[in-house]
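> Below is one structure. I have some questions about it.
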Amino acid sequence: MNLQEKNRKVTRRLVLVAVGMFGFGFALWPLYTVLCEVTGLGGRAIQVSEDNTGAVASDRIVSIRFDASVNSSLPWEFKAKEKVSEFNLGVPSTAYYVAKNVGNDAIIGQATYNVTPPEASLYFVKTECFCFTEQLLQADESQEMPVYFYIKPDLPEHIKDITLSYTFYRHGYDPSDRSHL
Amino acid sequence: MSTEVIHPDTHHVDDGHDHGDHKPSNFLDRWLFTTNHKDIGTLYLIFSLTMFFIGGSMAMVIRAELFMPGLQLVEPDFFNQMTTMHALIMVFGAVMPAWVGFANWLIPMMIGAPDMALPRMNNWSFWILPFAFTMLLSTLFMDSGGPAAGWTLYPPLVLQTGTSFAFVVFAVHMMGVSSIMGSINIIATIFNMRAPGMRLLRMPMFVWTWLITAFLLIAVMPVLAGAVTMLLTDHFFSTNFFNAAGGGDPVMFQHIFWFFGHPEVYIMILPAFGVISEILPTFSRKPLFGYGSMVYATATIAFLSFIVWAHHMFTVGMPLQGELYFMYATMLISVPTGVKVFNWVSTMWQGSMTFETPMLFAIGFVVLFTIGGLSGLMLAITAADFQYHDTYFVVAHFHYVLVPGSVFALMAATYYWLPKFTGNMYSEKWGKIHFWSSAIFVNVLFFPQHYLGLAGMPRRIPDYSPQFADFNMISSLGGFAFGATQLIFVGVVLHCAYRSKVKATPEVWEGSRGLEWTLDSPPAYHSFNTPPVVTHNALSRAD
Ligand SMILES: [Cu+2]
């Protein structure tokens, strides 16, 4: 093989590596997403169930803290009715949040959620939640927002406190849009 | 490979004597269309020196604003544009192209090759850069201003950059393409163009460290390109890769970015390790101690650099096991790095040392880089990092490894090989003045920043609490002096190239070893048209 062919061969291979790594950069997104769903990392692996058939009541009690925040794009007030409560594992329960539109127009909001410690998200089962759908509030309208859930009884022993956190965004919020600033 | 004699197909007829000195006479032909590794090396070095001063003047703006508490000179948003641009320009415009420039000049001469393997691609890799940086710098003059979210480009903040963001992303793409093409060229040259007898484990350390660096570049620059492409579509095409409201995850950007970012710091420092491993043996008049372990340590560092990225994001809320893994993995890097430092010290041990300017910069590197390495070890302690994170301690740490680290090694390399490149000796007196003032002022500039960070001063802010005033003033004074000192460097280089009357011998230095020192100073425009005979004496390695 002469020198030119050898150089072409090395170039071809290395270009392939570079293209492959470009693809790998994008592949990291689904890879991380799957990793988080499997391990609960990031605290967003909350389980969703149609009904309470999986709920088996237990004596164990865990304390849940309800956290609420609003992205600056949304002129809403949003808080939990009760900040901390105790719940029996495996018992279908309800917690209430209240949201109020203090802006001058009707706005659609959408909440994202997250559980701390992240491991607990694998045992957190929601049967119905205001975060599953978009929420429309008229100007000055205030609304109670329930979340129906239970905690699986096989929650690891070392978890005694769980924080459930919500953040409300303006529907279709785009961080690159600075018009609301 | 060892028995096969490679005859490079050059268009020059070799009649057994040095007739390689046909430079194109036309200016455009000589520089714009050049495929000569020495010319392209020179272009890279001039370009990076220019960028060094542009990025440096931004640092002067930053230090001037931080001279006193309160807002004096610039708006906060412009201040943030300065910190962001300073970093982007120094990393991608000054340090990386400077190393590619030295690679172009030296690698063919060190391995006995007539030129780089892919000379026309070499021309492309350089000439992309001025366009990339014109585009990046032009954002400062746009209505929406330049990027101001830090060089790490974290969303969602960076997505608030205006329309100029597209220019930033395309500039990063072009830098990436340039680096990847340069790396392919370097790897092809080292694999295919070595003179007979120049076996892999006989190559000079600078060639070895660049070979490994080139692989790092090819592996991680495309990942950065992918990450900024996702930012681009998030910004302009309503994708939600990193937008929490749309189901994306901003922390994921940090994971992808630092998968590139940590190897990137080794891209900037591994060639420096190579240069130091060339210079210390010369002025100690001893072979390099532990050549083999140097090669393996470099490869180990490169491998480890892929599995430690999350030490930049200890505070994002990782599980404890993750924090511990990234802490221990990071600390592991100090083992191969320690091997290198001890090898350098052993190289000097009982050598008959002299202290010309390159040696001074090399010793300065070993001492000051080690300080930066140790503060890095402190930052790796995950529990302590919660205190240090995003403070000036981090700023002090990475500036110690980059300025008296990479930049000092670049200075050392310049003083060491400039007589070879130009054929003239530089002024030793002014070189020494440059070294001593740099070494003093760089410490005045960055050492107080450790204290600022430990006291809790956050980075990337234009204003601060009055309790930080004294150390900031000292740091700024050191900064201005360090900046001014670099003008001496330009003076020394220009004097050496155009004015110096002292001609350099082919060996230049008494203890120099390696194929480049067997060529004239300056070497002919086309050197090693016939592969040299690699004698034992020409190699700087130990056995
Ligand atoms: Cu790192």
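The values are calculated or read from the model by the stated rules, or taken from the named source; none is laboratory data. What you see is a predicted model, and the numbers here were worked out from it, not measured in a lab. Glycine gets a Cβ as well: all are built from the backbone with ideal geometry, and neighbour counts include every protein chain shown. Remember, those area values only see protein heavy atoms, side chains included, never the ligands or the DNA or RNA. Shrake-Rupley method; radii C 1.70, N 1.55, O 1.52, S 1.80 Å.
> For segment A:44-170, with every protein chain kept in place, what is the accessible area per residue (1.4 Å probe, Å²)?
Values: 6250 Å² over 127 residues.
Here the residues of segment A:44-170 average 49 Å² of exposed surface.
> Turning to a different aspect of this structure: Each residue of segment B:481-495 in turn: what ³J(HN,Hα) in whole Hz from Karplus with 6.51, -1.76, 1.60 and θ = phi - 60°, glycine and Pro shown as x?
Coupling constants for segment B:481-495: 5, 4, x, 5, 4, 5, 5, 4, 4, 4, x, 5, 5, 5, 4 Hz.
> Mind giving me the nanometre distance, one decimal, between the label points for B:Phe342 and B:Phe33, set 7 Å out from Cα along Cα→Cβ?
Distance between label points: 5.6 nm.
> Please work out the Cα center distance from segment B:201-258 to segment B:108-135, rounded to the nearest Å.
Measuring centre to centre over Cα atoms gives 23 Å.
> On the full set of protein chains, 1.4 Å probe, figure out the accessible area of B:Trp509 and give it in Å² to the nearest 10.
For B:Trp509, the solvent-accessible surface is approximately 20 Å².
> Does any residue of segment A:23-37 lose at least 50 Å² of accessible area with all protein chains in place compared with its chain alone, and if so which ones (probe 1.4 Å)?
Relative to the lone chain, where solvent access is computed with a 1.4 Å probe, segment A:23-37 loses at least 50 Å² at A:Phe26, A:Trp29, A:Tyr32.
> Oh, and also: Compute the distance in nm between two label points, each set 7 Å from the Cα along the Cα-to-Cβ direction, one at B:Thr315 and one at A:His158.
2.5 nm
> Please list 3J(HN,Hα) in residue order for segment B:36-46, calculated via the Karplus relation 6.51 cos²θ - 1.76 cosθ + 1.60 where θ = phi - 60°; whole Hz, with x for glycine and proline.
Residue by residue, segment B:36-46 yields 8, 4, 6, 4, 5, x, 4, 4, 4, 5, 5 Hz.
> For B:Ser521, list long-range residues whose amide hydrogen, built 1.01 Å from N in the peptide plane, is under 5 Å from its own amide hydrogen.
For B:Ser521, no residues qualify.
> Going by a 1.4 Å probe on protein heavy atoms, which residues of segment B:178-199 end up with at least 40 Å² less accessible surface in the whole assembly than in their chain alone?
Correct list: B:Ile184, B:Asn192.
> Using only the Cα atoms of chain A, build the gyration tensor, take square roots of its eigenvalues as a ≥ b ≥ c, and label the shape rounded, prolate or oblate: rounded if a/c is under 1.5, else prolate if a/b is larger than b/c, else oblate.
oblate
> Another question, then. Ignoring ligands, DNA and RNA, how do A:Lys83, A:Lys126, A:Lys100 rank by accessible area with a 1.4 Å probe, largest first? Present the calculation step by step, with values, prior to reporting the outcome.
Values: A:Lys83 130, A:Lys126 0, A:Lys100 75 Å².
Result, largest first: A:Lys83, A:Lys100, A:Lys126.
> Could you compute the FRET efficiency for A:Tyr96 and A:Gln47, with r as their C-beta to C-beta distance and R0 at 22 Å, rounded to 0.05? List each step's numbers first, then the result.
Details: r = 21 Å, r/R0 = 0.95.
Result of the calculation: an efficiency of 0.55.
> Accessible area per residue, 1.4 Å probe, Å², for segment B:406-463: what's the number?
Details: 1860 Å² over 58 residues.
Accessible area per residue: 32 Å².
> Here's something else I'd like to know. Evaluate the distance, in nm, between pseudo-label points positioned 7 Å from the Cα of A:Leu31 and of B:Ser57 along their respective Cα→Cβ axes.
About 4.2 nm separates the two model spin labels.
> Also, I was wondering about something else. Any chance you could look up the accessible area of B:Val534 with a 1.4 Å probe, heavy atoms only, rounded to 10 Å²?
20 Å²
> Leaving out same-chain residues fewer than 8 places away, which aspartates and glutamates sit with a Cα under 12 Å from that of B:Lys503?
Counting by Cα, and skipping residues close in sequence, B:Lys503 has these aspartates and glutamates nearby: B:Asp520.
> Excluding residues fewer than 8 places away in the same chain, name every one of the aspartates and glutamates whose C-alpha is closer than 16 Å to that of B:Lys429.
Excluding near neighbours in sequence, the set is B:Glu356.
> Please list the non-local residues whose amide H lies under 5 Å from the amide H of B:Ala117, H modeled 1.01 Å from N, same-chain partners needing a gap of 5 or more.
Those lying under 5 Å, H to H, from B:Ala117 are B:Thr189.
> In addition: Take the solvent-accessible surface of the protein heavy atoms, probe 1.4 Å, and return the percent of it on segment A:44-170 that carbon and sulfur atoms account for.
Numbers: 2870 of 6250 Å².
Its accessible area is 46 percent carbon and sulfur atoms.
> Can you work out the FRET efficiency for the pair B:Tyr525 and A:Lys9, with r the C-beta to C-beta distance and R0 = 25 Å, to the nearest 0.05? Numbers along the way, then the final one.
On the way: r = 29 Å, r/R0 = 1.15.
That gives a FRET efficiency of 0.30.
> Using only the Cα atoms of the protein assembly as shown, build the gyration tensor, take square roots of its eigenvalues as a ≥ b ≥ c, and label the shape rounded, prolate or oblate: rounded if a/c is under 1.5, else prolate if a/b is larger than b/c, else oblate.
Details: a/c = 2.15, a/b = 1.97, b/c = 1.09.
Since a/c reaches 1.5 and a/b is larger than b/c, the shape of the protein assembly as shown is classed as prolate.
> Take the residue pairs A:Lys79/A:Lys152; A:Lys9/B:Lys340; B:Lys38/B:Lys286; A:Lys6/B:Lys340 and return only those whose Cα atoms are more than 32 Å apart. Provide the component values of the computation, followed by the final result.
Numbers: A:Lys79/A:Lys152 25 Å; A:Lys9/B:Lys340 34 Å; B:Lys38/B:Lys286 29 Å; A:Lys6/B:Lys340 34 Å.
Long pairs (Cα-Cα over 32 Å): A:Lys9/B:Lys340; A:Lys6/B:Lys340.
> Which order do you get for B:Leu379, B:Leu71 if you rank them by accessible area with a 1.4 Å probe, largest at the top? Intermediate values should be presented prior to the final figure.
Working: B:Leu379 20, B:Leu71 95 Å².
Greatest to least solvent exposure: B:Leu71, B:Leu379.
> Add -39500 (n - 2.57) for each DSSP H run of 4 or more in chain B, then divide by its residues: what number comes out at 222 nm, to the nearest 500 deg cm²/dmol? Could you put the intermediate results ahead of the total?
On the way: 17 runs with 329 residues, N = 543.
Rounded to the nearest 500, the figure is -21000 deg cm²/dmol.
> For chain B, rounded, prolate or oblate, judged on the Cα gyration tensor with a ≥ b ≥ c (square roots of eigenvalues), a/c < 1.5 rounded, else prolate if a/b > b/c?
Values: a/c = 1.59, a/b = 1.47, b/c = 1.08.
Prolate shape, in that a/c is at least 1.5 and a/b is the bigger ratio.
> Over segment B:80-144, what percent of the accessible surface lies on carbon and sulfur atoms, probe 1.4 Å? All intermediate terms of the calculation are to be shown ahead of the outcome.
Working: 1260 of 1800 Å².
The value for segment B:80-144 is 70 percent carbon and sulfur by accessible area.
> Let me ask something else. Evaluate peptide A:1-12: per residue, the Cβ atoms of other protein chains within 10 Å of its Cβ; return the mean as an integer. Write out the running numbers ahead of the final one.
Numbers: counts 2, 4, 8, 5, 1, 6, 11, 3, 3, 10, 8, 1.
Taking the mean over all residues of the peptide, I get 5.
> List the lysines whose Cα lies under 18 Å from the Cα of A:Lys83, skipping any in the same chain that are fewer than 8 positions away.
Here the lysines satisfying the reach criterion relative to A:Lys83 are A:Lys100, A:Lys160.
> In what order, largest first, do A:Phe87, A:Phe26 sit by accessible area if the probe radius is 1.4 Å? Each step should come with its number before you reach the end.
Details: A:Phe87 25, A:Phe26 65 Å².
Ranked list, largest accessible area first: A:Phe26, A:Phe87.
> If Lys and Arg each add +1 and Asp and Glu each add -1, what is the summed charge of the other residues whose beta carbon sits under 12 Å from the beta carbon of B:Asn240?
Taking every other residue near B:Asn240 into account, the sum is -3.
> Please report the buried accessible area for the interface of A with B, total over both chains, probe 1.4 Å, in Å² to the nearest 100.
Details: alone 11280 and 21510 Å², together 29630 Å².
What A and B bury together is about 3200 Å².
> Taking the Cα centroid of segment A:19-84 and of segment B:325-397, what is the distance between the two, rounded to the nearest whole Å?
40 Å
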